[in-house]
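Inspection log for the structure reproduced underneath, given as structure tokens.
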Amino acid sequence: MATTISHVRGCRPSTMVSFGAALTTGTGEFTEQVRNMASAVDKTVHGWKGVASAAASAGSVSQKLIGTRIDEVVTSVAEYYKTYGAQLDGTRTAVLNIVDNAAPAAGMKVADDGTVTAPKYPATSGTLMAYVMQAKLDGQAAWFQTQLTALLKNFGTGEQQAASSIKLGVDALQTLKDKPTASIPNLPSMSVSPDGRYRLGDPKRPGVKHDDTFIYNSKDSNFQDWLDKQKWQAKLLGGEYIKSELDDATALYRHYWDNNGERMKFDYNEAYKEDPSVRSAVDTEIASTAAAADYFARTGNKDFAITGDPTTARTSTENWQKAIGGHQQWSHANVRVEGNRVVMDVTVEAEDYYNFDKGKSDIATGAPDSQNGRFAEIGWAKPFESHGSVTRTVSWELGQPPSSATTTDTSNPDRNPGREDRSDGRDDGDNGRMPDNDRSTGEARPK
């Protein structure tokens with residue numbers, strides 16, 4: 001059943017906050033009592049000269065008292081009350097501010113289900129003027145209604161999440177009441193987003209899987225290998241001179257031939273501009289991060305950092321398919337709440353392991369990966385980790401994070417007309433000019 005304005009008005013989530021605070025205080029006192037009881041048992045049995053079984057039994061009681069999870073569960077339940085109470089209270093305040101203040105001040109009528117109706121503009125000003133002004137009023141009413149619809153949905157979802165979490169905690173307490181050492185399920189953590197992908201805390205870089213199928217320096221070279229080396233390095237030089245649109249692919253391939261395995265940076269901002277699949281993946285990741293940030297903001301956090309788990313992203317242009325192909329993507333962000341607005345500085349990280357795989361081939365040319373994987377096997381070229389990032393600043397009204405794949409950013413990615421990009425964007429190249437800003441994204445093409 002949909003949440004209504006009368007239901008929101010009748011709820012008093014602030015009492016949940018007060019109860020949660022009191023429960024937290026009581027938990028601390030209870031925990032101390034449990035510790036004192038365990039200590040008392042130890043002191044009582046110390047020095048007893050009775051049978052060994054009596055001392056062992058008393059020691060068992062002491063360990064059970066210390067090992068109980070009752071205090072942990074009560075703490076979790078208290079956190080649910082406080083966090084969800086603050087979230088619902090904030091949403092309730094936003095709803096009533098529109099219903100009782102903003103909408104009436106604009107002459108709007110608000111129904112219990114959140115429908116907003118604009119007043120009729122007088123027709124005395126002429127047909128055209130009345131039409132224009134009525135359209136303006138209807139647009140304002142639609143905006144209020146959109147706000148209320150989102151807020152009512154958030155309130156209903158918050159209530160359901162609160163009820164579910166609290167019930168799990170109460171059921172666990174009932175189980176522990178009957179058997180203090182019983183096994184209970186893990187309770188929801190308020191520091192993890194509902195989808196489980198994001199958590200409060202500083203950035204945590206995931207590991208990059210090294211899936212080598214051509215083991216480095218595991219075989220001996222021969223004369224044919226030397227001939228193949230000349231052929232592929234000639235192709236590299238030709239690509240660097242002629243194919244300016246493959247600048248990133250040739251830069252990473254040259255680093256493969258550097259044979260040092262050092263981690264290398266690529267320009268993910270450029271990939272975002274040039275590759276539709278990368279752009280879609282980045283925009284989707286930003287929207288997902290914003291949804292998590294909004295959740296944490298609605299649960300009472302004001303100035304915080306979040307970090308997310310990795311997903312797989314794809315590429316669709318020849319340059320970026322050759323450079324990074326399918327790669328790992330994850331994000332982290334610093335978030336602040338300014339009044340009723342959430343501001344997020346988010347960085348989407350891309351991680352890849354540059355190597356060649358048995359049984360695969362280049363998408364554009366059909367050349368088997370085995371031809372280049374062979375150079376790793378004989379120790380002439382070495383796979384390496386690569387990485388890049390895109391940073392954006394996005395903001396939204398609390399409770400209304402951007403839900404589409406595309407978000408509006410306030411930070412423009414820098415062009416790199418020194419190596420990757422011409423200033424006019426043509427061919428995504430620059431005719432071999434030396435780098436003049438980000439030198440860490442690869443060497444210049446030879447002149």
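The values are calculated or read from the model by the stated rules, or taken from the named source; none is laboratory data. Since the model is a prediction, treat every value here as computed from it, not as a measurement. In this analysis, Cβ positions are derived from the backbone assuming ideal geometry, glycine residues included, and neighbour counts consider all displayed protein chains.
Structural remarks
- Yes/no for Lys153 being outside the structural domain of Thr299 (by TED's automatic domain parsing), out of contact with any Lys or Arg (no Cβ under 9 Å at 6 or more places or on another chain) and not in a helix (DSSP H, G or I): no
- Within segment 362-389, the set of residues being farther than 15 Å from Ala251 by Cα and of a type in the set (Gly, Ala, Ser) comprises Ala364, Gly366, Ala367, Ser370, Gly373, Ala376, Gly379, Ser389.
Conditions (1) surrounded by fewer than 21 Cβ atoms within 10 Å (Cβ to Cβ); (2) not acidic (Asp, Glu), marked per residue:
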{"residue": "Ile70", "(1), (2)": "yes, yes"}
{"residue": "Val74", "(1), (2)": "no, yes"}
{"residue": "Val95", "(1), (2)": "no, yes"}
{"residue": "Asp100", "(1), (2)": "yes, no"}
{"residue": "Ala105", "(1), (2)": "yes, yes"}
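- Of the residues making up segment 184-210, those that are polar (S, T, N, Q) and in contact with a Lys or Arg (Cβ under 9 Å, 6 or more places away or on another chain) are Ser189, Ser191, Ser193.
- When restricted to residues that are charged (D, E, K, R) and touching a Leu at 6+ places or on another chain (Cβ under 9 Å), segment 10-27 contains 0.
- Strands (runs of 3 or more DSSP E) fully within segment 263-358 counting 1 or more residues that are of a type in the set (A, V, I, L, M, F, W, C), at pLDDT 95 or above and under 26 Å from Glu159 (Cβ atoms): 303-308, 327-338, 341-354
- Selection count where residues are over 19 Å from Arg12 (Cα atoms), of a type outside the set (S, T, N, Q) and outside any loop (DSSP other than H, G, I, E, B), scope segment 67-121: 13
- Matching residues, segment 274-285, being surrounded by fewer than 24 Cβ atoms within 10 Å (Cβ to Cβ) and among the hydrophobic types (A, V, I, L, M, F, W, C): Ala281
- Candidate set from segment 325-342 (those that are under 14 Å from Ala293 (Cα atoms) and of a type in the set (S, T, N, Q)); member that is surrounded by the most Cβ atoms within 10 Å (Cβ to Cβ): Ser331
- Look at segment 201-216: where a residue is under 30 Å from Val346 (Cα atoms) and assigned by TED's automatic domain parsing to the domain that holds Phe296 and a partner is part of a loop (DSSP other than H, G, I, E, B) and of a type outside the set (Ser, Thr, Tyr), sitting 6+ places away or on another chain with Cβ atoms under 8 Å, you get Pro206/Asp309; Pro206/Pro310; His210/Asn355; His210/Pro383; Asp211/Asn355; Asp211/Asp357.
- Subset of segment 179-210 that is in a loop (DSSP other than H, G, I, E, B) and among the charged types (D, E, K, R) - its residue that is surrounded by the most Cβ atoms within 10 Å (Cβ to Cβ): Arg197
- Verdict on Phe375 being touching a residue at least 24 places away in the same chain (Cβ under 8 Å), assigned to a loop (DSSP other than H, G, I, E, B) and buried (at least 21 other Cβ atoms within 10 Å of the Cβ): no
- Filter pass, Trp380 being modelled with pLDDT of 95 or more, assigned to a strand (DSSP E or B) and hydrophobic (A, V, I, L, M, F, W, C): no
- Only one of Thr347, Thr365 that is among the polar types (S, T, N, Q), farther than 30 Å from Ala293 by Cα and surrounded by fewer than 21 Cβ atoms within 10 Å (Cβ to Cβ): Thr365
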